[in-house]
Structures are given as structure tokens and as C-alpha cells.
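Laboratory data are not the source of any read-out in this text; all were calculated from the coordinates shown. The structure displayed is predicted, hence computed values, not measured ones. Cβ placement follows ideal geometry from the backbone for every residue including glycine, while neighbour counts extend to all protein chains displayed.
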Amino acid sequence: MTTEQYDIKTNINIGQEIFENIPNDIRPGWAGLVLSRFDHYIKNIPTSISELYQIIDDKDRWKEAHEQFTKIRVFGLENKNYKPENYLRLAELVAKVTYNASGEPAPFDSDSGHYIASLALKATEYFDDNRLEEEVKSTILLFNRNKKFKDNLTAAKDFLLYKKIDDILWFDWDPIGINDIAPRDEYQGYVPEIFGLVKAKADRQEIANRLHKLEMENMGMSGTIENCLTIADKILKAQ
């Protein structure tokens with residue numbers, strides 16, 4: 001464990017600084033992204049957490065996160081032996097942050113987001129996987145490394161979208177089938193082009209065609225346009 005990771009785990013002031021550097025409208029997306037680092041490690045993601053992702057993706061539904069917090073809490077109470085417990089606690093914090101960002105009355109504690117960084121890193125300990133720990137740390141620090149995002153909502157939204165596209169290409173597209181063994185940057189060279197297509201309002205067919213062409217011409221893979229259409233849908237939904 002690096003000194004930086006240790007400090008984030010133990011010093012709540014660092015968690016506060018990280019969280020408060022993120023614009024309010026970006027906080028649910030960032031928190032959900034941190035939580036989603038565990039998706040490929042949890043065998044059966046609780047329905048209450050899967051539903052939370054859907055709420056995060058739709059700003060008009062953020063107010064529903066209060067009820068979703070209750071569902072996650074109830075799941076934990078009914079499944080006292082669920083492991084890792086810190087994963088459920090993290091999901092509760094993500095729900096709180098999402099509801100607070102909605103601006104609805106009776107918000108949760110304003111410092112709820114301060115604990116996300118610490119708890120996320122603690123949750124990785126259960127899996128004892130360096131790749132997961134590095135992925136979580138990298139996501140936690142997404143906005144902390146560039147202070148301009150705090151006052152530039154458009155840039156922050158674009159940066160979050162860029163990261164989501166990077167994730168989709170790595171976790172879902174992965175045409176070579178190496179995301180469990182290869183370096184994390186294997187497909188990152190393709191992210192700028194796909195991001196550019198999304199920003200240019202390309203439709204699902206255009207994005208899918210480009211992905212399929214990359215598979216065939218750059219990687220020597222056959223792939224299928226049907227799968228690329230599925231990936232294109234995920235990319236467009238990430239906006």
C-alpha cells in the first residue's frame with residue numbers, strides 16, 4: 001500500500017478535500033463510478049444497488065435515492081453475513097450523496113461524501129487484489145488532480161463521460177478478451193476517437209461501425225456488429 005492510499009484510508013480531511021473539489025452535479029456520477037469498480041468482483045450485485053445505478057444515470061430521479069438508501073440498508077440488515085460489509089456501507093454513502101445532489105428537502109448529513117474515498121479503499125481489502133485497489137484509487141482521485149473542474153461544470157461532465165467510455169471499452173467491449181491480464185491502458189488509445197464521435201452526436205450505428213472496424217483492422221479480430229451495437233448503446237447511455 002502506498003503512503004497516499006494509507007492517508008486516504010485514515011485521514012478524513014483528505015476525503016473531504018477530494019469530495020469538495022467535485023461539482024455538485026458531478027458527485028453522484030463520481031460516487032457511482034467509484035462503487036462500480038467492484039462490479040466485476042461481486043458475484044451477485046444486490047438489486048438495490050443495481051437500481052441505484054439507474055437512479056444515478058438520470059438526474060430527474062436523484063430524489064429517489066433517499067428511498068434507495070433505505071432499500072440498501074434493509075438488505076444489509078436482512079443479510080448480516082454479507083461480505084464485504086464495507087461495500088454495502090459504500091453503496092449507502094453513494095445513495096446519500098445522490099439524494100443530497102438533488103436539492104430535495106431533508107438531506108442526509110452534508111459530510112456523507114467525505115467518507116467515500118476512505119470506505120472504498122477499505123472495501124478493496126476484502127479482495128486482496130492490487131488491480132482493484134489501483135482502479136479504486138485512480139477513480140477516487142479523478143477530479144482531485146485537476147482543480148479546474150470545480151468551477152467548470154461542462155469540462156467536469158466531459159471528463160466523467162470520457163472516463164465512462166474508457167471503462168466501457170475496457171470492461172464491456174474488450175474484443176481481445178484480455179481485461180483480466182493486460183495493462184489497464186490497452187484500449188485507451190481508442191477512447192479519444194469514440195469520445196469525439198459521441199460529442200459530435202454520432203448515432204449508435206456510426207459508433208458501432210467504428211468499433212467493428214477497429215476490431216477488424218487494428219486488432220485482426222472478427223467480432224460482430226451486433227455486439228458493437230450493444231456497446232454503442234452503453235456508450236450513448238453514459239452521457
### Tensor-based shape of the stretch 1-73 (alpha-carbon gyration tensor, a/c under 1.5 rounded, otherwise prolate or oblate)
oblate
## Note on the structure
With +1 at each Lys and Arg Cβ and -1 at each Asp and Glu Cβ, the charge dipole magnitude of the chain around its Cα centre, to the nearest 20 debye, comes out at 420 debye
#### Entry: Estimated FRET transfer efficiency when R0 is 30 angstrom, pair L236-A182 (beta carbons, to 0.05)
0.70
## Note on the structure
tail above 16 Å in the computed P(r) of the stretch 28-131, as % of all Cα-Cα pairs, reads 53 percent
### Task
Determine the alpha carbon to alpha carbon distance for each of K9/K237; K63/K234; K213/K234 and list only those over 25 Å.
K9/K237
### Message
Between helix 153-167 and the chain, what is the angle of the helix's C-alpha long axis to the longest principal axis, kept within 0 to 90° and rounded to the nearest 10?
### Response
70 degrees
## Note on the structure
Charge tally for neighbours of N21 with beta carbon under 11 Å away, counting Lys, Arg as +1 and Asp, Glu as -1, is +2
### Query
Over its Cα atoms, what ratio of radius of gyration to 2.2 N^0.38 Å does the stretch 153-239 give?
1.03
### Message
Looking at the chain, identify the longest residue range that excludes and avoids all trypsin sites (Lys or Arg not before Pro) in DSSP loops having at most 14 other Cβ atoms within 10 Å.
### Response
81-144
### Task
Evaluate the relative contact order of the chain (contact order divided by residue number), counting alpha-carbon pairs under 8 angstrom at least 6 apart; express in whole percent.
22 percent
### Message
Of N209, L161, L229, which is farthest towards the positive pole of the stretch 153-239's charge dipole, taken about the Cα centre with +1 and -1 on the beta-carbons of Lys, Arg and Asp, Glu respectively?
### Response
L161
### Message
Cα atoms only: what Rg and Dmax, in Å, come out for the stretch 78-184?
### Response
16.2, 48
### Query
Restricting attention to the alpha-carbon atoms of the chain, what are Rg (one decimal) and Dmax (integer), both in Å?
18.1, 55
### Query
At 222 nm, what helix-only mean residue ellipticity would the chain give, in deg cm²/dmol to the nearest 500, using -39500 (n - 2.57) for each DSSP H run of four or more?
-17500 deg cm²/dmol
